[in-house]
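Q: My questions all concern the structure below.
The values are calculated or read from the model by the stated rules, or taken from the named source; none is laboratory data. Because the structure is predicted, anything quoted here is derived from the model rather than measured. Methodologically, a virtual Cβ is constructed for each residue, glycine included, from the backbone with ideal geometry; neighbour enumeration extends over all protein chains shown. Surface accessibility is based on the protein's heavy atoms, side chains included, excluding ligands, DNA and RNA. Shrake-Rupley method; radii C 1.70, N 1.55, O 1.52, S 1.80 Å.
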Amino acid sequence: MNVFERQKAYFYSGATRSYQYRSKALNLLKEVIKDYETEIMKALKRDLNKSDSEAFMTEIGIIYKEIDFVLKHLKKWIKPKRVRTALTHIGSVGKIHPDPYGVTLIISPWNYPFQLAITPLIGAIAGGNTAIIKPSELTPNTAKLIEQVINQTFLDDFIAVEQGGADKSQELLDLPFDYIFFTGSVPVGKIVMEKASQHLTPITLELGGKSPVIVHEDASLKLAAKRIAWGKFINAGQTCVAPDYLFVHENVKEQFLSNLAEAIVELYGETPLNNPEYGQIINDKHFQRLTNYLNSGTLFHGGQTNSGKRSIEPTVLTNINHEDPIMAEEIFGPILPVLTYSDINEAIDYIRNQPKPLSFYFFSETAHYQNLVLEQISFGGGCINDTIYHLSTPYLPFGGIGESGIGSYRGKHSFETFTHQKSILKQSSHFDLPIRYPNFKNRMKWIRKMMK
Ligand code: NAD
């Protein structure tokens, strides 16, 4: 039997369903990550030049928090929930059973290669499933470590890791999984959805795209600049929810840009390319792709590159046109194009004419404008007066809409994502209301009374 078949058999043995099994597995997962903390940080340093503090904050600490949150609530979540009984169903009891799907597939990307493989796994375990993880081949040190951590802790009948690139991914996608959880780019998301349709497998697609930020004229400019610089340049801009491009009100453009340049220097110094805390670009292909963008508009800040280190300074470009190539695709690097507007509706119109973004950020101190953009723009999730922070709380579901994804997860939402809500009506055998049967006298009159 191959690993998929063995996982199927293991799932049907019922082993993964009990609360004890799930909570033990989550505790073991946390323990092994703690044991391997230093190795994980080293692998992230080798793959992405992530600093230890950034690696801990965005790839390890966030997992501890997620596991603790799930463990705190899991017992309550897995219990079937009783619902009300309709008048037509007197004598019966209705319950919703959160039922594990079975064998799940988790495909993850390279930009947060540890966290984005393990966070969905927490949901899969909490839901009572088995899982096969396919980490990104572009971060080989982290991928190898994920395999080591998992193999050392779990039977592969329960959790397994399969290594490889697109071919391996496609091979796995041909199997009749019970659930697929994919994190990655929009084009590959489309392939995954097409493959899943062969077996009508339910999916979550956590995709990317261009996430806009608007800085309105009444924003607290200095703070906005610092929070935007942090959200944009963390992991050298290779973050799915990083602000991709920025609209600033004409009246505050100069002041804001000067605050932004100051914030970049404050966070990364005068020579970020020499700062060991500053991330590198994943590979030469992406480095080339990004350096081509540096010809757009006018260079306002940064712009220096080091091809040997695959590093690009935090860069701000102004005088950008909507038609510039940098506005066509997700940037996914440390380059921020800035556009201006004089009427907020110009920015809203532009954003509404693009694919629905994964995230959107709005900086303004006025409730009227805050409500306006929330009502007028459709997007996955986001922040008012901050960037990125919405995804690090287990209380908010994280996911996209339209081209930026399908479904969501984190905290209870992960549990819901990885379980099917099975509706069960338990009927009484003590009596049998005759009204439903065709031989009931005056049936129509009584049915009308009960169903009006
Ligand atoms: P990617 O789509 O290239 O790869 C993701 C995974 O899919 C990898 O494991 C890869 O091996 C596999 N894959 C690649 N080509 C495939 C194919 N043809 N068929 C089947 N599988 C294939 O994405 P990436 O470059 O690793 O990650 C960057 C993208 O992911 C960005 O668009 C980013 O916005 C997005 N992302 C989204 C989130 C989110 O939570 N929404 C998080 C991180 C990254």
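Q: Can you confirm whether region 238-255 contains a residue that is among the β-branched types (Val, Ile, Thr), modelled with pLDDT of 95 or more and in a helix (DSSP H, G or I)? So that I can check it myself, show each step before the final result.
A: Here is the first cut: in region 238-255, the residues among the β-branched types (Val, Ile, Thr) are 239, 241, 248, 252.
If we keep only those that are modelled with pLDDT of 95 or more as well, we get 239, 241, 248, 252.
Pick out the ones that are also in a helix (DSSP H, G or I) and you get 252.
The answer is yes, given that some residue of region 238-255 is among the β-branched types (Val, Ile, Thr), modelled with pLDDT of 95 or more and in a helix (DSSP H, G or I).
Okay, residues lined up against (1) farther than 15 Å from Asp386 by Cα; (2) under 21 Å from the mean Cα position of the chain (by Cα):
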| position | (1), (2) |
| --- | --- |
| Ser220 | no, no |
| Gln238 | yes, yes |
| Gln255 | yes, no |
| Ala261 | yes, no |
| Leu267 | yes, no |
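Q: Considering only residues of region 260-284 that are within 27 Å of Thr139 (Cβ to Cβ) and among the hydrophobic types (A, V, I, L, M, F, W, C), which is most open to solvent (accessible area, probe 1.4 Å)?
A: Pass one, region 260-284, residues within 27 Å of Thr139 (Cβ to Cβ): 264, 267-269, 271-284.
After this cut, where a residue has to be among the hydrophobic types (A, V, I, L, M, F, W, C) as well, the list is 264, 267, 273, 281-282.
On the way: Ile264: 2, Leu267: 60, Leu273: 29, Ile281: 1, Ile282: 11 Å².
Result: Leu267.
Q: Further, regarding this structure: How many residues, within region 85-113, are away from the ligand (no atom under 16 Å from the Cβ) and either open to solvent by 20 Å² or more (accessible area, probe 1.4 Å) or outside any strand (DSSP E or B) (or both)? Step through it out loud before you land on a result.
A: Taking region 85-113 first, the residues away from the ligand (no atom under 16 Å from the Cβ) are 85-103.
Subsequent filtering for residues that are either open to solvent by 20 Å² or more (accessible area, probe 1.4 Å) or outside any strand (DSSP E or B) (or both) retains 85-93, 95-97, 99, 101-102.
Adding up the residues that qualify gives 15.
Q: Quick one: in region 314-328, of everything that is part of a loop (DSSP other than H, G, I, E, B) and under 19 Å from Lys253 (Cα atoms), which residue is nearest to the chain's Cα centre (by Cα)? Break it down into steps so the answer makes sense when it comes.
A: Taking region 314-328 as the starting set, the residues that turn out to be part of a loop (DSSP other than H, G, I, E, B) are 314, 319-324, 328.
Now narrow it down to the ones that are under 19 Å from Lys253 (Cα atoms): 314, 319-322.
Working: Pro314: 24, Asn319: 32, Ile320: 29, Asn321: 30, His322: 27 Å.
Of everything passing the filter in region 314-328, Pro314 is nearest to the chain's Cα centre (by Cα).
Q: Just one of Leu155, Leu221 is more than 16 Å from the ligand (Cβ to nearest atom), surrounded by fewer than 16 Cβ atoms within 10 Å (Cβ to Cβ) and in contact (Cβ under 8 Å) with a residue 12 or more places away in the chain; which is it? Don't jump to the end; show me each part of the working.
A: Working: Leu221 fails: surrounded by fewer than 16 Cβ atoms within 10 Å (Cβ to Cβ).
After ruling out the rest, the residue left standing is Leu155.
Q: Still on this structure, I have one more. Take the conditions assigned to a helix (DSSP H, G or I) and open to solvent by less than 10 Å² (accessible area, probe 1.4 Å) and apply them to Ile60. Does it pass? It would help to see each step written out before you state the result.
A: Numbers: assigned to a helix (DSSP H, G or I): yes; open to solvent by less than 10 Å² (accessible area, probe 1.4 Å): yes.
So Ile60 fits the description; yes.
Q: Looking at this structure, is Leu336 assigned to a strand (DSSP E or B), under 26 Å from the mean Cα position of the chain (by Cα), under 17 Å from Ile388 (Cβ atoms) and more than 14 Å from the ligand (Cβ to nearest atom)? Please lay out each step first, then the result.
A: Details: assigned to a strand (DSSP E or B): yes; under 26 Å from the mean Cα position of the chain (by Cα): yes; under 17 Å from Ile388 (Cβ atoms): yes; more than 14 Å from the ligand (Cβ to nearest atom): yes.
In short, yes.
Q: Right, something else. Between Lys50, Lys45, Lys76, which is out of contact with any strand residue (DSSP E or B) (no Cβ under 6 Å at 6 or more places or on another chain) and in a loop (DSSP other than H, G, I, E, B)? Before the answer, list the steps.
A: Details: Lys45 fails: in a loop (DSSP other than H, G, I, E, B); Lys76 fails: in a loop (DSSP other than H, G, I, E, B).
That would be Lys50, the only listed residue that is out of contact with any strand residue (DSSP E or B) (no Cβ under 6 Å at 6 or more places or on another chain) and in a loop (DSSP other than H, G, I, E, B).
Q: In this structure, does Leu175 turn out to be more than 12 Å from the ligand (Cβ to nearest atom), surrounded by fewer than 24 Cβ atoms within 10 Å (Cβ to Cβ), assigned by TED's automatic domain parsing to the domain that holds Leu26 and part of a helix (DSSP H, G or I)? Spell out how you get there, then give the answer.
A: Working: more than 12 Å from the ligand (Cβ to nearest atom): yes; surrounded by fewer than 24 Cβ atoms within 10 Å (Cβ to Cβ): yes; assigned by TED's automatic domain parsing to the domain that holds Leu26: yes; part of a helix (DSSP H, G or I): no.
When the stated conditions are applied, Leu175 does not pass them.
Q: Tally time: how many residues in region 242-270 are within 28 Å of Tyr112 (Cα to Cα) and touching a residue at least 12 places away in the same chain (Cβ under 8 Å)? Talk me through it step by step, then tell me what you get.
A: Here is the first cut: in region 242-270, the ones within 28 Å of Tyr112 (Cα to Cα) are 242-247, 260-270.
Pick out the ones that are also touching a residue at least 12 places away in the same chain (Cβ under 8 Å) and you get 242-247, 260-264, 266-268.
Adding up the residues that qualify gives 14.
Q: Given (1) in contact (Cβ under 8 Å) with a residue 60 or more places away in the chain; (2) of a type in the set (Gly, Ala, Ser); (3) surrounded by 18 or more Cβ atoms within 10 Å (Cβ to Cβ), identify the lone condition not met by Ala55.
A: Result: Ala55 fails condition (1) only.
Q: Could we say that Ser169 is open to solvent by 20 Å² or more (accessible area, probe 1.4 Å), among the hydroxyl-bearing types (Ser, Thr, Tyr) and either outside the structural domain of Lys356 (by TED's automatic domain parsing) or part of a helix (DSSP H, G or I) (or both) here?
A: Values: open to solvent by 20 Å² or more (accessible area, probe 1.4 Å): no; among the hydroxyl-bearing types (Ser, Thr, Tyr): yes; either outside the structural domain of Lys356 (by TED's automatic domain parsing) or part of a helix (DSSP H, G or I) (or both): yes.
Against the criterion (open to solvent by 20 Å² or more (accessible area, probe 1.4 Å), among the hydroxyl-bearing types (Ser, Thr, Tyr) and either outside the structural domain of Lys356 (by TED's automatic domain parsing) or part of a helix (DSSP H, G or I) (or both)), Ser169 does not qualify.
Q: For region 178-205, what are the residues that are near the ligand (Cβ under 8 Å from one of its atoms) and either surrounded by fewer than 20 Cβ atoms within 10 Å (Cβ to Cβ) or basic (Lys, Arg) (or both)?
A: If the condition is that a residue be near the ligand (Cβ under 8 Å from one of its atoms) and either surrounded by fewer than 20 Cβ atoms within 10 Å (Cβ to Cβ) or basic (Lys, Arg) (or both), then Ser185, Val186, Pro187, Val188, Ile191, Lys195 are the ones that fit.
Q: Pairs please, first residue from region 166-181 and within 25 Å of His413 (Cα to Cα), second anywhere and small (Gly, Ala, Ser) and surrounded by fewer than 21 Cβ atoms within 10 Å (Cβ to Cβ), Cβ atoms under 6 Å, 6+ apart in sequence or on different chains.
A: Close Cβ pairs (under 6 Å, with a partner that is small (Gly, Ala, Ser) and surrounded by fewer than 21 Cβ atoms within 10 Å (Cβ to Cβ)) amount to Asp178/Gly102; Ile180/Ala196.
Q: Can you tell me which residue among Ser359, Ser408 is open to solvent by 30 Å² or more (accessible area, probe 1.4 Å), at pLDDT 95 or above and among the hydroxyl-bearing types (Ser, Thr, Tyr)? Explain how you work it out, then say what you get.
A: Working: Ser359 fails: open to solvent by 30 Å² or more (accessible area, probe 1.4 Å).
Answer to the check: Ser408.
Q: For region 114-135, give me the residue count where each residue is assigned to a strand (DSSP E or B) and not hydrophobic (A, V, I, L, M, F, W, C). It would help to see each step written out before you state the result.
A: Filtering region 114-135 down to residues assigned to a strand (DSSP E or B) leaves 130-134.
Among the residues that remain, those that are also not hydrophobic (A, V, I, L, M, F, W, C) are: 130, 134.
The total comes to 2.
Q: Right, something else. Determine whether Gly382 is assigned to a strand (DSSP E or B), within 16 Å of the ligand (Cβ to nearest atom) and either surrounded by fewer than 17 Cβ atoms within 10 Å (Cβ to Cβ) or touching a residue at least 12 places away in the same chain (Cβ under 8 Å) (or both). Before you say what the answer is, go through the steps one by one.
A: Details: assigned to a strand (DSSP E or B): yes; within 16 Å of the ligand (Cβ to nearest atom): yes; either surrounded by fewer than 17 Cβ atoms within 10 Å (Cβ to Cβ) or touching a residue at least 12 places away in the same chain (Cβ under 8 Å) (or both): yes.
Yes: the conditions hold for Gly382.
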